[in-house]
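Q: Can you read through this structure? Questions will come right after.
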Amino acid sequence: MDKNQATGLFLISALLLVYLFFFSPKKPDDKATGKTPPATTAAAKATAAAVPPASVAAIAPEAALDSTAGVVKNDSLTNDNLRIAFSSRGGRITAVRLRKYKTFFGKPMDLFDAKTARMDTKFRTVDGKTVKFSDLNFQSVASKATDGASVLTFTAPVAGGSIVQTYSLPANSFELKYDLRLNGLERTVAQEPLTFTFVDEVRQTEQDLKQNRNHTTINHYLAAGDQGALAEASEKPEEFKAAGPVRWAAHKHDFFVAGLIADQQPFSGGAFNADVNLGDSTTIKTLSTTLTLPVAEVEQGRGQYRFFFGPNSFNLLKSVAPEFDRNVYLGWGLFRWVNRFVVLPVFHFLEQYISSYGLIIALLVLLIKLVTWPLTYKTYESQARMKVLKPEIDELKAKYGDDATKVQQETMKLYSTFGVSPLSGCVPTLLTLPILFAMFQFFPNAIELRQQTFLWAKDLSSYDVFIKLPFFVKWYGDHVSMFTLMMTASTLLMTWQSNQTNTAMQGPMKTYSYLMPIIFLFVLNSFAAGLTWYYFVSNVITFAQQAITKSFVDDTKIRAQLDANKIKNKDKKPGGIQGRIADAMKAAQEREAQAKRKS
C-alpha cells in the first residue's frame with residue numbers, strides 16, 4: 001500500500017468517523033446529575049391530572065352525579081398478543097402488556113402501566129367549562145363482534161346525552177380499534193376540537209440503558225405526507241408542534257411502539273414533547289403527545305381510530321399505516337435503501353431455514369462478500385500494480401530527495417505513463433461503504449436480533465459481556481466485549497499482513513494503519529454484538545478472499561502489461577483527475593520557487 005492508497009484509507013476512515021459522530025445516536029453521560037424536568041414537561045404531565053368534578057357538574061348536576069359516582073371498575077381485553085387493561089374512570093386504557101415478549105431482565109413486557117402512563121381526553125362546553133373523561137365514571141359492557149373480535153363499550157351519561165367509547169380487539173392482532181362518539185351533545189359541546197393526551201414515562205426494558213434511552217422518541221406523520229420525529233439522543237427538552245393535520249403519532253421505545261392512527265379524518269393538529277432527566281434512573285425518558293380530534297367527526301359518529309401496541313418489526317409496521325414502518329430506523333437516504341431492499345430481505349429469507357442468528361449473520365457476510373468480490377479483486381489488483389512499480393517510485397525518491405512536491409509530481413507522471421490510477425484501489429472500497437454504514441443502523445435496531453443468544457452473547461442487538469469490570473473506563477465502559485476484541489485482533493492481523501506485502505507503507509502512515517483498529521476497539525465496545533460479530537466474520541472471509549485472489553494475480557503478467565502501457569503512453573500527458581492533480585502540483589512547485597527567489 002503506497003501513500004496514495006494510504007490517503008484513500010485515511011479518507012474512508014475519516015468518513016466513517018464523521019458518520020459515527022454526526023449521524024450515530026450520541027450517548028448521554030449517565031453520571032450527569034442534578035437535571036430537573038423543565039416546565040414544559042411538567043405542564044405536559046399536568047394535562048393528565050384529574051380536575052375537580054365540579055367542571056362536569058357545571059353541565060348538568062344530575063348527569064354529573066350519574067357519571068362520577070360509583071365504584072371504579074377495571075376491565076381488560078386479551079388476545080394471543082396483547083392484554084390491555086381499562087378503567088371505568090375515564091373509560092380509558094391504563095396498561096398494555098405484550099404477551100409474547102419479556103424484558104431483558106426476564107419480567108413481563110409491559111409497554112406501559114397505570115404508574116408510568118396516563119391517557120385522557122377533554123373538551124370544552126359552550127359556556128367555557130372544561131370536561132375531562134377522567135372525571136367521569138363510565139359503565140362498561142363486554143361483547144363479541146361478528147368477526148370474533150372482543151369488544152368493550154364504555155358509556156357515560158352527560159347533560160341529557162352520552163359519551164360512548166368502543167374498543168375492539170381482533171384475535172391475533174397488535175391493533176386495537178377505537179370509536180368515539182358524542183351523542184346528543186351538539187348544544188353542549190363547543191365547536192372546537194377535542195384534545196387527547198398521552199404521557200408516557202418510559203422505563204428501561206433492555207440491557208443497555210443508554211441505547212434504550214437513545215432509541216426512544218416520538219414519531220409522527222402529517223396528512224400532507226411529511227414524516228417527522230423528535231431528536232432521539234438529545235439531553236435537552238425536545239418539542240414539536242405540527243403545522244397541519246396529523247395522520248398518526250407513535251411513542252417509539254427501543255424495540256416497541258405505542259401509536260394512534262386516524263382512520264377517517266386526520267387529527268386536526270398535534271404537539272409532541274420529550275424530556276430526559278439523567279439524574280432519574282427510573283424513567284429513561286418522558287414522552288408526551290397531544291392530538292386534537294375534530295369535534296364534528298366525533299359528533300357524527302366518524303371518530304374512528306386505531307391504537308397499535310406491538311413490536312418494532314418492519315414487515316409488521318409497513319401494513320399498519322402509510323410510512324408507519326419509519327418507526328424502524330434503518331438509517332437515512334441510501335443506507336436505508338440498502339437495509340430495506342438488500343439486508344432485510346436476505347436476512348428474513350435465511351431465518352426461514354436457520355434458527356441460529358449468529359449463523360445467519362455469518363451467512364449474510366458470506367453472501368455480501370461473494371457479491372462484492374469483483375470490487376475486492378479490483379482493489380487487490382490495483383495494490384499489485386503499485387507493488388510492481390515500487391522500484392521506479394524508489395528511484396524517484398532517491399533522485400529528488402527531500403523535494404516532496406517534485407517527487408509527487410514525477411510520481412503522477414509515472415502513473416500516467418504506465419496507465420495506473422492511484423484511485424483505482426480506493427473507488428471499489430468506497431462503493432462498499434453504503435453496506436458498511438447500513439450495518440451500523442441495522443444491528444442495533446433489528447428486533448429480530450433482540451434477546452437472540454449466540455455463544456456467550458445474551459442479546460445480539462446489544463453489546464456482549466464476556467467480562468464485567470469492577471470499574472468504569474472512560475471511552476471504553478465497564479465491560480469487555482469479546483466480539484469487539486476478536487474483530488480488533490483480526491483487523492490488526494490484516495493490517496500487519498498488508499504492511500508486510502506493501503513495503504511502500506513507511507513512517508507515520510504505517511503507524512496510522514495500526515491506530516484505526518485500536519480506535520474502533522473503544523468505539524465499538526458498546527455496540528451491538530451482532531455488528532462486531534459481523535465484522536469479525538468479514539475479516540476472516542477477507543483473509544480467505546485474499547489468499548484465493550492472490551493465486552489469480554501474476555506479478556510477471558502485470559509487469560508485462562505495465563511495460564506495454566509505457567510504450568503506448570510514451571508521449572501522452574496526464575489527463576482527468578491525474579492531470580488536474582499534476583497541474584496543481586506543478587503550480588505549487590512554481591509558487592514555491594518564486595517565494596525562494598524573492599527571499
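Q: Which of the three applies to segment 39-330, rounded, prolate or oblate, going by the alpha-carbon gyration tensor with a ≥ b ≥ c and a/c under 1.5 meaning rounded? Numbers along the way, then the final one.
A: On the way: a/c = 1.56, a/b = 1.42, b/c = 1.10.
In terms of gyration-tensor shape, prolate.
Q: Could you give the dipole magnitude of segment 39-330 about its Cα centre, charging the beta-carbon of Lys and Arg +1 and that of Asp and Glu -1, in debye to the nearest 20? Intermediate values should be presented prior to the final figure.
A: Numbers: 32 positive and 31 negative charges, 98 e Å.
I would put it at about 480 debye.
Q: Among 409-416, 536-543, how do they line up from the highest to the lowest mean number of other beta-carbon atoms within 10 Å?
A: Working: 409-416: 20.5, 536-543: 18.6.
For the peptides 409-416, 536-543, the packing ranking is 409-416, 536-543.
Q: Still on this structure, please answer the following. Can you give the FRET efficiency to the nearest 0.05 for A560 and E392, using r as the Cβ-Cβ distance and R₀ = 22 Å? Please list the in-between numbers first.
A: On the way: r = 15 Å, r/R0 = 0.69.
Efficiency for this residue pair is about 0.90.
Q: Along the Cα→Cβ direction, 7 angstrom out, place labels at K236 and L359. What is the inter-label distance in nm?
A: About 5.1 nm separates the two model spin labels.
Q: Which parts of segment 161-198 would a label at K73 reach, counting a residue when its backbone N lies under 18 Å from a point 7 Å out along Cα-to-Cβ?
A: It comes to 162-169, nothing else.
Q: Moving to a separate point now. Given a cut-off of 30 Å, name the pairs among K236/K369; K100/K177; K369/K413 whose C-alpha atoms lie farther apart than that in the structure shown. Show your work: numbers first, answer last.
A: Details: K236/K369 42 Å; K100/K177 21 Å; K369/K413 35 Å.
Flagged as over cut-off: K236/K369; K369/K413.
Q: Right, next: Given labels modelled 7 Å from the Cα in the Cβ direction, how far is it in nm from A190 to K458?
A: 5.3
Q: Still on this structure, please answer the following. For a quick protection proxy, order the peptides 281-294, 144-157 by their average other-Cβ count within 10 Å, most packed first. Don't skip to the answer; put the middle values down first.
A: On the way: 281-294: 20.9, 144-157: 16.0.
In descending order of packing, they fall as 281-294, 144-157.
Q: Next question. Calculate the length of the line joining the C-alpha centroid of segment 238-291 to that of segment 380-412, in whole Å.
A: If we compute the Cα centre of each part, the gap is 59 Å.
Q: Another question, if that's okay. Which FRET efficiency, nearest 0.05, do F105 and E351 yield, Cβ-Cβ r, R0 22 Å? Please list the in-between numbers first.
A: Working: r = 25 Å, r/R0 = 1.15.
Computed FRET efficiency for F105 and E351 comes out at 0.30.
FYI, it's all coordinate maths here, none of it is from the lab. Keep in mind the model is a prediction, meaning the values are calculated, not measured. Glycine gets a Cβ as well: all are built from the backbone with ideal geometry, and neighbour counts include every protein chain shown.
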